[in-house]
1. If the requirement is being under 27 Å from residue 5 (Cβ atoms), of a type in the set (Val, Ile, Thr) and free of Cβ contacts under 8 Å to residues at least 40 places away in the same chain, which of these qualifies: 124, 70, 91?
2. When you scan region 181-188, do you find a residue that is loosely packed, with under 15 Cβ neighbours inside 10 Å and within 25 Å of residue 52 (Cα to Cα), even just one?
3. For region 61-74, which positions are modelled with pLDDT under 95 and assigned to a loop (DSSP other than H, G, I, E, B)?
4. For region 164-194, name all the residues that are out of contact with any helix residue (DSSP H, G or I) (no Cβ under 7 Å at 6 or more places or on another chain) and within 16 Å of ligand 1 (Cβ to nearest atom).
5. Considering only residues that are part of a helix (DSSP H, G or I) and of a type in the set (Ser, Thr, Tyr), look in region 206-238 and name the one that is surrounded by the fewest Cβ atoms within 10 Å (Cβ to Cβ).
6. Among the residues that make up region 49-59, is at least one of them touching a His at 6+ places or on another chain (Cβ under 9 Å), part of a helix (DSSP H, G or I) and of a type outside the set (Gly, Ala, Ser)?
7. Which residue out of 24, 86, 34 is out of contact with any Phe, Trp or Tyr (no Cβ under 6 Å at 6 or more places or on another chain), away from ligand 2 (no atom under 16 Å from the Cβ) and in a strand (DSSP E or B)?
8. Scan region 4-19 and give yes if some residue there is at pLDDT below 95, within 16 Å of ligand 1 (Cβ to nearest atom), of a type outside the set (Phe, Trp, Tyr) and part of a loop (DSSP other than H, G, I, E, B), otherwise no.
Amino acid sequence: MAEIILRNVSKIFKDEEVISDLNLTIRDGSFTVLVGPSGCGKSTTLRMIAGLEKQSSGEIWIGDQLVNDTPPGKRNIAMVFQNYALYPTMTVRGNIEFGLINKKVPKLEREELIKEISEIVGLTDYLNKKPQQLSGGQRQRVALARAMVKKPKVFILDEPLSNLDAKLRGQMRTELIQLHKRLGTTFIYVTHDQVEAMSMGDEIVILNKGEIQQKDSPMNVYHDPNNIFTANFIGTPA
Ligand code: ADP
Ligand code: MG
């Protein structure tokens, strides 16, 4: 079980409150999309869930564990960013393997994991290449593979497709949805693109100025927006 619960979570940077008393339950196994305009607090929310940023107040629960004081490496969460953050001097294999070596996973097990995961993301033929020899989509797959070999309970993806061209972005959306179905793991996906949100999420969380406007299925968000912000943002006809 890896339901995630945020209870009265706030975040203050200097004297500005960027997240205000957030209450949110992310269903175990869901594909939850956090969507909202630039600067509304999406990345900050993800970073607090992953433990990369400490909330100013409130509680974060992962499964039945209160993780307020749990370091990122012990939260069983893997994060994928838009800029991939691959090691340029290492091969694809090296990039995927690095975290496993750090975790002292034995060599045989590492090799099996790399084989399994590179097949899933279609990188089998690219394991000996360097990142600069790959296309944007392939680099993003390496970033995904690196997250997947850790077999996390939760995947957090922060605008992972925004550096890709429109065609590839469409293809990767489909691949990510299939990946989610296959793994059954909780995905929390951030985007500022409402079309992307509506086409990918089974649960949509609309955020504005650090506050949740609505949390609902795509159908309900579209047909039954809670307020004017949601209606305008999603584009519900008046
Ligand atoms: P989003 O991901 O939705 O674009 P962010 O979570 O990155 O938004 O940022 C929310 C707000 O918090 C913004 O006003 C941003 O400038 C501010 N912010 C984010 N990180 C920091 C930081 N480390 N120090 C100060 N302000 C920050
Ligand atoms: Mg962001």
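The values are calculated or read from the model by the stated rules, or taken from the named source; none is laboratory data. Note that the structure is predicted; figures quoted are calculated from it, not measured. Positions of Cβ are backbone-derived with ideal geometry, glycine not excepted, and every protein chain shown enters the neighbour counts.
1. 70
2. Scanning region 181-188, I find at least one residue that is loosely packed, with under 15 Cβ neighbours inside 10 Å and within 25 Å of residue 52 (Cα to Cα), so the answer is yes.
3. Those that are modelled with pLDDT under 95 and assigned to a loop (DSSP other than H, G, I, E, B): 63, 64.
4. Within region 164-194, 192, 193 qualify.
5. So, considering only residues that are part of a helix (DSSP H, G or I) and of a type in the set (Ser, Thr, Tyr), the one surrounded by the fewest Cβ atoms within 10 Å (Cβ to Cβ) is 222.
6. Checked against the condition, which is being touching a His at 6+ places or on another chain (Cβ under 9 Å), part of a helix (DSSP H, G or I) and of a type outside the set (Gly, Ala, Ser), region 49-59 yields no hits at all.
7. Going through 24, 86, 34 in turn, just one is out of contact with any Phe, Trp or Tyr (no Cβ under 6 Å at 6 or more places or on another chain), away from ligand 2 (no atom under 16 Å from the Cβ) and in a strand (DSSP E or B): 24.
8. Within region 4-19 (the criterion being at pLDDT below 95, within 16 Å of ligand 1 (Cβ to nearest atom), of a type outside the set (Phe, Trp, Tyr) and part of a loop (DSSP other than H, G, I, E, B)), the answer is yes, since at least one residue qualifies.
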